[in-house]
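The values are calculated or read from the model by the stated rules, or taken from the named source; none is laboratory data. A quick note: this is a predicted structure, and the numbers were derived from the prediction, not measured. Here the Cβ positions follow ideal geometry from the backbone for every residue, glycine too, while neighbour counts run over all protein chains shown. Just so you know, the surface numbers come from the protein's heavy atoms only, side chains and all, with ligands and any DNA or RNA stripped out. Shrake-Rupley method; radii C 1.70, N 1.55, O 1.52, S 1.80 Å.
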Amino acid sequence: MRPYFRRVPRHTGWVLPLSAVAFVVVFLLIMADGDAAYALRVLVRQDSSITDVQWKRHSSVSAATTPRPWRTTGDCPIRRSLPTENAQSIVVVHDGRLMCEWYGNGGAPDRPAAAFSVSKTVISLLVSRAVADGTIGGLDMPVTRAVPELGARDPRFAAITLADLIDMRSGIAFSDDISFPWLNRDYPSVYYATDLARTVVRRPEIASPPGPFTYNDYAPNLVGLAYRRLTGTLLTGRPLQRLWNDLGAEHPAEWCLDDHGFPYHESGLVVTARDLARVGQLVLDGGRVAGRRVAPPAFLDRSLDPANRAPVTTFAGIGVGYRNGWWILPRGDGGRDLAAMGAHGQIMVVSPSTRTVIVRMGDDYQTNIQIAATLQRLADRSASVTPA
């Protein structure tokens with residue numbers, strides 16, 4: 001008698017591959033906390049790009065009601081020294097005058113470009129203005145006063161202040177690793193979030209008490225969420241429009257939003273190089289535009305405070321500090337410059353000793369610190385060829 005067995009019909013051969021596909025899909029959805037749209041973004045787009053502004057939603061602010069065109073020097077003696085490789089725009093402002101500008105690779109004076117993490121510097125300025133006009137309390141406010149869910153999840157969040165978040169000293173863990181399995185990594189969970197406010201309440205974990213420096217994309221978004229909870233409005237709405245009016249901005253700007261209309265505070269600014277340079281010029285002009293106070297003294301004091309400018313990390317052998325949304329760059333003469341740096345080579349260098357602001361936007365061709373060092377040398381050269 002033949003042993004009994006059941007033959008598997010050939011037409012069910014698709015079951016195994018289909019099961020494998022289903023397993024992968026379920027695995028990815030678990031990694032993405034059930035957010036299929038987020039998972040698709042990460043898998044399809046992978047690393048960020050200067051073209052992401054073309055698919056991300058955004059809000060807009062208008063040019064100033066009374067724009068203030070830059071005064072010009074009428075000459076550009078350093079034109080041949082401009083680092084134009086892969087750049088779209090370069091603007092050099094010396095002693096408050098537009099000394100030099102260059103555009104290429106699709107850039108133009110009136111064409112905004114993604115500023116990426118330069119956004120953090122602008123967020124710091126907006127928060128400082130909100131504190132100065134009494135819209136919100138001081139920077140020593142615990143974030144849990146506005147976002148109590150954090151404290152309910154881990155009581156240690158109550159020790160984190162808005163200042164800790166702005167200075168990247170919150171003690172919140174963060175990794176910019178985007179290796180497999182991608183979807184559960186910190187960096188993409190912020191940059192590609194479909195519901196960013198939910199993400200920054202649910203995902204952050206405490207690594208240490210506040211104090212140690214950890215560059216952190218959760219931090220500016222928690223500041224923005226706290227502002228919305230306290231005021232019912234967005235920092236990148238009316239506050240940004242008022243700043244644009246006060247600066248005398250010549251062109252509109254945009255801010256990228258998630259699917260629920262919440263701004264990507266860490267990277268969402270889309271701006272022209274000319275108007276971004278006005279933020280740097282504020283530092284050199286003591287926070288004033290045409291004699292009117294635009295940046296509060298506290299913003300300048302925290303940005304320039306020599307007691308808090310020690311190196312916190314090293315890029316390519318260069319020790320840099322971080323304070324109030326600015327990187328602190330050492331100079332060969334022992335001084336310090338400020339820099340706002342965003343992914344893919346978006347750099348603004350503010351050099352108090354040479355009275356120079358340089359903005360470079362486009363795509364990267366070197367690391368950010370190498371580009372910033374090049375702009376520092378360019379600032380020195382601009383001062384040396386311009387009469388006092």
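Points to keep in mind about this one:
- Largest GNM mean-square fluctuation across PHE174, PHE213, PHE315, computed for the chain with C-alpha springs under 10 Å, falls on PHE315.
- Most mobile of VAL44, VAL61, VAL190 in a GNM of the chain (Cα contacts under 10 Å): VAL44
- Here the contact order of the chain, divided by its residue count and restricted to Cα pairs under 8 Å and six or more residues apart, works out to 23 percent.
- Annotation: cysteines of the chain without a disulfide-compatible partner (Cβ-Cβ under 4.7 angstrom) are CYS256.
- Helix 15-31 vs. the chain, principal-axis angle (Cα, 0 to 90°, nearest 10): 40 degrees
- Global geometry of the stretch 245-388, whether rounded, prolate or oblate, following the gyration tensor of its Cα atoms and the 1.5 cut on a/c: rounded
- Charge sum, other residues only, whose C-beta stays under 15 Å from ASN86's C-beta, Lys/Arg counted +1 and Asp/Glu -1: -2
- Charge sum, other residues only, whose C-beta stays under 11 Å from ARG309's C-beta, Lys/Arg counted +1 and Asp/Glu -1: +1
- Burial ranking of peptide ranges 128-141, 359-372, 232-245, 67-80 (average Cβ count within 10 Å, highest at the top): 359-372, 232-245, 128-141, 67-80
- Around ALA163: net Lys/Arg minus Asp/Glu count, Cβ-Cβ under 9 Å: -1
- Over the Cα atoms of the chain, the radius of gyration divided by the Kirkwood radius equals 1.06; this is the Rg/Rh ratio.
- The stretch 184-237 and the stretch 106-135: distance between their alpha carbon centers, rounded to Å: 17 Å
- Residues with amide H under 5 Å from that of ASP337, placed H, sequence gap 5 or more: LEU329, ARG331
- Angle of helix 36-45 to the longest C-alpha principal axis of the chain, folded into 0 to 90 degrees and rounded to 10: 60°.
- Cβ-placed point charges (K, R +1; D, E -1), dipole of the stretch 112-205 about Cα centre in debye, nearest 20: 120 debye
- Fraction of accessible area attributable to carbon and sulfur, the chain (%, probe 1.4 Å): 54 percent
- From helices alone, the chain scores -10000 deg cm²/dmol at 222 nm; the rule is -39500 (n - 2.57) for each run of n ≥ 4 DSSP H residues, then divide by the residue total.
- Counting only protein heavy atoms and a 1.4 Å probe, the stretch 51-195 has 43 square angstrom of accessible area per residue.
- Between helix 273-284 and the chain there is an angle of about 60 degrees, using the helix long axis and the longest principal axis of the Cα atoms.
- Largest mean-square fluctuation among LEU40, LEU126, LEU338, in a Gaussian network model of the chain whose springs join Cα atoms under 10 Å apart, belongs to LEU40.
- Equivalent ellipsoid semi-axes, the stretch 99-251, via Cα gyration tensor eigenvalues times 5, rooted, Å: 28, 22, 13
- Of the listed residues TYR215, TYR187, TYR264, the order by accessible area with a 1.4 Å probe, largest first, is TYR215, TYR187, TYR264.
- Cα gyration tensor shape for the stretch 179-229, rounded if a/c is under 1.5, else prolate or oblate: oblate
- As computed over the stretch 76-170, the Cα convex hull volume per residue (Å³): 172 Å³
- Test item: Cα-centred dipole of the stretch 232-365, Lys/Arg +1 and Asp/Glu -1 on Cβ, debye: 600 debye
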